[in-house]
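Inspection log for the structure reproduced underneath, given as structure tokens.
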Amino acid sequence: MTIIIVILLASLAVAYYLKTAARKPQLVFRDTGFNRDMLTRLPQLSQRFFPTPWLFNTHLQLIVLGLKKAFSPALDYSHTDMLTMRDGGTTSLDWIGLDTAADTPTLLVLHTITGSPKSMRGLVRDLHQQTGWRVVVCTRRGHGDLPLTAPRINTMGDTDDLREQLAVIQQRYPQSPLYAVGISAGSGLLVRYLGEEGENAPFRGAMAYCPGYNIEVAFRRARQPYNRMMARKLARTFVTANAEAFSKLQTYNACASAPDLHAFHTHLHEIAGYHSHADFLQASNPMVVMKQITIPLLVLNAEDDPVCVIGNVREYESLVRDLPRTLLVITRRGSHCAYFEGWRPRSWANRLIADFLMNLEKSPEQNR
């Protein structure tokens, strides 16, 4: 009898896992030849995503993601370029794979909202190993160990800074095809840049990983306790840590004591260098310009993401269907930038990013 009960419980657990977690992704796209062909090249998107069985809960995925970021082996970047922006601000380019051939593709990584080369090392290591490409983290001002040499920080990034970073990359490797991946807030910067540039964007393809879409409403929707925890981290990292530069601003105290992400970004405009919150949104919101994207773009979101929630995604499915070379992938599980699969957790998303970008490089006639 005991054996029968154990078998029954195990069968129920497997059935629950298959029904609620291990599902095929939902695909949203315009029915074009490019998109149909790309889907045939990515069998991962027609198969079930099997989250790691012992941590397929969204919170467990985030816990393990945090542990991996804290305790995974260090990554020795090949070189760091410290860059001075036109206004005196400091950004950097952190490279791996500088020993590859001059015409090897270069993959730009646009990091998370408080990201750094150190926190991005797991993604960078995976993508470098899986593609064999040169990878560069475009570190934003005020992030990581960069000194704040001009009194301005935008958590959503700055497309003008990205243009200056790109100019250095293209000058150093003029023969190298360019690709990009933006993670969380970095995906907002990526989409904003691609929309602003339209047909002039220098990338052959890009990936937006767990984007939040419309920042006017997205920060309000992020779930607790992550909403509160992230607001406090932003205040510590960017506001109070730079009190000498920002304490005289009218919005300083409101930012420093913001109870959630929406309140923080409502008062961020002065610190980000804008006269008003409306100006900040107009200059930073990726959805203002997303419809102007022309290059191949893969977008990945999870229904159980507690930070960039599924409601943000659903509002823009129709926009995605208007874009001729954009694929939106929605999974049942994956949490926020975690996407662990296998008994020994590894990233399903990183594997998808590498496969998508390498297939684009193999079919250059489709994206020139």
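For the peptides 23-36, 225-238, 84-97, 325-338, the ranking by mean Cβ contacts within 10 Å, running from highest to lowest, is 325-338, 84-97, 225-238, 23-36.
So for segment 92-202, what are the equivalent ellipsoid semi-axes in whole Å, largest first, each being the square root of 5 times an eigenvalue of the Cα gyration tensor?
Values: eigenvalues 88, 56, 35 Å².
The three semi-axes for segment 92-202 are 21, 17, 13 Å.
When the chain is treated as a GNM with alpha-carbon contacts under 10 Å, the residue of Asn285, Asn242, Asn200 showing the greatest mean-square fluctuation is Asn200.
Its residues counted as N, segment 306-368 yields a C-alpha radius of gyration over 2.2 N^0.38 Å of 1.36.
Of His128, His79, the order by accessible heavy-atom surface (1.4 Å probe, DNA, RNA and ligands excluded), from most exposed downward, is His79, His128. Here's the list of aspartates and glutamates a cross-link from Lys118 could span, going by alpha-carbon distance under 18 Å and ignoring same-chain residues fewer than 8 apart: Asp76, Asp81, Asp94, Asp126, Asp145. Projecting label points 7 angstrom from Cα along Cα→Cβ for Ala101 and Arg232 puts them 5.2 nm apart. Simple rule: put +1 on each Lys or Arg Cβ and -1 on each Asp or Glu Cβ in the chain, find the dipole, and look at Met207, Phe49, Thr32; the Cα lying farthest toward the positive end is Phe49. Per residue, the average separation of C-alpha pairs within less than 8 Å and at least 6 apart gives the chain a relative contact order of 23 percent. With a simple spin-label model that places each label point 7 Å from the Cα along the Cα-to-Cβ direction, the separation between Ile4 and Thr40 comes to 5.2 nm. Using 17 Å as the cut-off for backbone N distance, which residues of segment 261-277 belong to the label zone defined by a point 7 Å from the Cα of Gln224 along Cα→Cβ? Within reach of a label on Gln224: 261-264.
Modelled spin labels at Glu199 and Asn242, positioned 7 Å past Cα toward Cβ, are 3.7 nm from each other.
Computed FRET efficiency, Cβ-Cβ of Ala74 and Arg351, R0 30 Å: what is it to the nearest 0.05?
My answer for the efficiency is 0.85.
Note on the chain: helix-only mean residue ellipticity at 222 nm, from DSSP H runs of 4+ residues weighted -39500 (n - 2.57) and normalised by residue number, equals -11500 deg cm²/dmol.
The values are calculated or read from the model by the stated rules, or taken from the named source; none is laboratory data. Since the structure is predicted, the reported quantities are computational estimates derived from the model, not experimental observations. FYI the Cβ positions are ideal-geometry reconstructions off the backbone, even for glycines, and counts take in every protein chain you see. Areas reflect the complete protein model, heavy atoms only, side chains present, ligands, DNA and RNA absent. Shrake-Rupley method; radii C 1.70, N 1.55, O 1.52, S 1.80 Å.
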